[in-house]
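Inspection log for the structure reproduced underneath, given as structure tokens.
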Amino acid sequence: MIKTLVIAPYQGLAEIVKSYQNYDNELQVDIKLGNLEDGVSIAKRAESEGYDIIISRGGTSNLIQEETNLPVVDIKVSGYDMLRIFTLLKGTNGKAALVGFSNISRGASTICSILDMEVQTITISNSEEVNAHLDGLKREHYSVVIGDVVTVQQAEKIGLQGILITSGKEAVLDSFEEAKRLYHLFQGMQSQASVYSEAIEQFPQPMITLDQKGQVALKNHSYRKELGEDLVSSPQFQGFLEQTFTENIEMWTVVHYHGKSYQLRAYPLNDDKKLVNFIIQNDLLTEEEGIEIHTHPSRTSISGDSSFARNLRNSLQHYVAMDSPLWIEGEQGTGRMMYAANIHFESYGHRAPLLSINLLKISVVQLNEILSKAYEQLPKKGTIVFLNVHELAIEEQVRIKDLVQKLSNRYKVMIISNDGMEELVKEKRIDHDLYFKLPNALIYLPPLCERIEDVKDLVQAFITQNHMNYGNETIGIREDALSLLLEYPWPGNVDQLKKTVEKLMVTSETSYIEGTDVERVLQDSGRQSQANTNDTMKIEGTLKDMEKKIIQQVMEQEKNNQSKVANRLGMNRTTLWRKLNS
């Protein structure tokens, strides 16, 4: 049976309900008397007393709905009830007014119009408004007031005749039917909520829901089992939470916690920004050599006044709007990855990650397997940058072409390569379709020596950047020092210039970089280049001897890490071991 409590705001309603207490075998009906706040107190106790549903009326019903979790049925004022009241009104003298909540006043206005009765109707939103309206009615010489219990009681205190709007048996029986309907609906919703709750609890990945203050609203079994409270309180997590609330869209990032990397996917649960849900997964990508996730790529200003620099700045939004893939070509150190990061930032800001994949460190077959395995964990949008495509064998290039086409349906994809690709296509070392047909745009970044007029702006930009980052006191460069930099060929391009400026700022003892500082740093750089040249291996001995020397040199460079050596030399570890010991 449905355990039902009727909270009657006046004795007459309690008596009518008592007459029909056993009317419906599906309902176990108990009756208690209480108006407004007294009724709310009874309702709060009803929750702990095992009641399934509450029935009440008018303002008392409204208050109970706000203060209890139980479903509440409001006994409506029926047309029969209003007709009874207006029939009683015919036997009274003087002007009459009805004061009540909208559920009463709307119906009263309609019936007064039909019966052609002059009864003023006043709608209130809370019981505190009653006294002011009654005082106004008395001043206007009204003598009769129709309303609920509070209205009638207050009217009689100031000498007005009060007529209580009562509910008859029709309204009570209708409320019984509504109670059954609402109970079964509520049970169904509770059953569905239980299924949802169990699904969240048993979800295989850790899940947690937070409010804007970082308070936990929900966390599932996997979270409680695998993670601790200090993850949520960490500055990295709190910063991501604040960013998600600010952006109010789905976000994705990687956090580091107790020596492990985790992917966080966050999404707001409602439009008023009250809750954000987080799904936390082991980061399968950063564990793989050759794959790097840039969770907070920034936009770097393109310095310089050359036609090249101006064109890059002006074309940025064009490339952002263009469908991928895009191909960025140029010598090492020309700012290829920086420009790719700018395109990504203008497309997504910090809302999505940028993945860079070095194809010298991971095969296309391995990459396909990893991405297939982690596909559901990956964000729905972002940027993927492929490095060293031009170093692949032709058959691998065909595989990467297919993969790029597939990924471009979901992500912005860019390919970064050295310059001179057209020549490699002619020599059949680069697949023709991969270079000419796959990308929607080819972006060429010339070497620094071909835009030497940009050096001045670049140097000042690097000085400003290092001044902000490291608090260095150097704020500029002398003209003679700049002239030396303008005369230098810069084989390492913008990257080399940046490193040189950093060294100059470290070694400079004044506010301005002097010419003598530049001479000294460039001479040191020249000596280092000469030392590297001297390290070049001489071509002598048998092919086997040469192979051993190459392996030994790479072993020194990789500090005897055989996995890295085998990867660089394009052989497996077993073959490397055999050659080392032959």
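The values are calculated or read from the model by the stated rules, or taken from the named source; none is laboratory data. Quantities reported herein were computed from a predicted structural model and do not represent experimental measurements. All Cβ positions, even for glycine, are placed from backbone atoms using ideal geometry, and neighbour counts span all protein chains on display. Just the protein is used for accessible areas: all its heavy atoms, side chains included, with ligands, DNA and RNA removed. Shrake-Rupley method; radii C 1.70, N 1.55, O 1.52, S 1.80 Å.
The table for this structure:
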quantity	calculated
Matching option when the condition is in contact with a helix residue (DSSP H, G or I) (Cβ under 7 Å, 6 or more places away or on another chain) and among the acidic types (Asp, Glu), among 198, 170	170
Scan of region 201-222 for residues that are more than 19 Å from the chain's Cα centre (by Cα) and surrounded by 12 or more Cβ atoms within 10 Å (Cβ to Cβ), ordered by number	201, 203, 220, 221, 222
Exclusive hit being over 23 Å from residue 281 (Cβ atoms), within 35 Å of the chain's Cα centre (by Cα) and open to solvent by 10 Å² or more (accessible area, probe 1.4 Å), set 442, 458	442
Answer residue from region 544-562, given it is open to solvent by 50 Å² or more (accessible area, probe 1.4 Å) and under 21 Å from residue 393 (Cβ atoms) and is modelled with the lowest pLDDT among those	547
Test for residue 171: is it in contact (Cβ under 8 Å) with a residue 60 or more places away in the chain and open to solvent by less than 20 Å² (accessible area, probe 1.4 Å)	yes
Conditions (1) open to solvent by 10 Å² or more (accessible area, probe 1.4 Å); (2) more than 30 Å from the chain's Cα centre (by Cα): number failed by residue 322	(2)
Residue within region 366-376 that is out of contact with any Cys (no Cβ under 8 Å at 6 or more places or on another chain) and surrounded by 22 or more Cβ atoms within 10 Å (Cβ to Cβ) present	no
Which numbered condition residue 151 misses (of (1) touching a helix residue (DSSP H, G or I) at 6+ places or on another chain (Cβ under 8 Å); (2) open to solvent by less than 30 Å² (accessible area, probe 1.4 Å); (3) under 30 Å from residue 52 (Cα atoms); (4) polar (S, T, N, Q))	(3)
All positions within region 515-528 that are farther than 16 Å from residue 460 by Cβ and either touching a helix residue (DSSP H, G or I) at 6+ places or on another chain (Cβ under 9 Å) or surrounded by 14 or more Cβ atoms within 10 Å (Cβ to Cβ) (or both)	515, 516, 519, 520, 521, 522, 524, 525
Which numbered condition residue 111 misses (of (1) open to solvent by less than 10 Å² (accessible area, probe 1.4 Å); (2) more than 20 Å from residue 62 (Cα to Cα); (3) among the β-branched types (Val, Ile, Thr))	(1)
Selection within region 4-28 - over 21 Å from residue 63 (Cα atoms) and outside any loop (DSSP other than H, G, I, E, B)	15, 16, 18, 19, 27, 28
Where a residue in region 539-560 is farther than 14 Å from residue 579 by Cβ and aliphatic (A, V, I, L, M) and its partner, wherever it lies, is open to solvent by less than 70 Å² (accessible area, probe 1.4 Å) and at pLDDT 70 or above, with Cβ under 7 Å and at least six apart	none
Positions within region 404-463 being farther than 27 Å from residue 305 by Cβ, touching a residue at least 24 places away in the same chain (Cβ under 8 Å) and among the acidic types (Asp, Glu), in sequence order	431, 433
Tally of residues being touching a helix residue (DSSP H, G or I) at 6+ places or on another chain (Cβ under 7 Å) and either at pLDDT 85 or above or open to solvent by less than 30 Å² (accessible area, probe 1.4 Å) (or both) across region 281-300	4
Residue list for region 76-105, filter: assigned to a strand (DSSP E or B) and more than 57 Å from the chain's Cα centre (by Cα)	95, 96
Odd one out for residue 444 among (1) touching an Asp or Glu at 6+ places or on another chain (Cβ under 7 Å); (2) part of a helix (DSSP H, G or I)	(2)
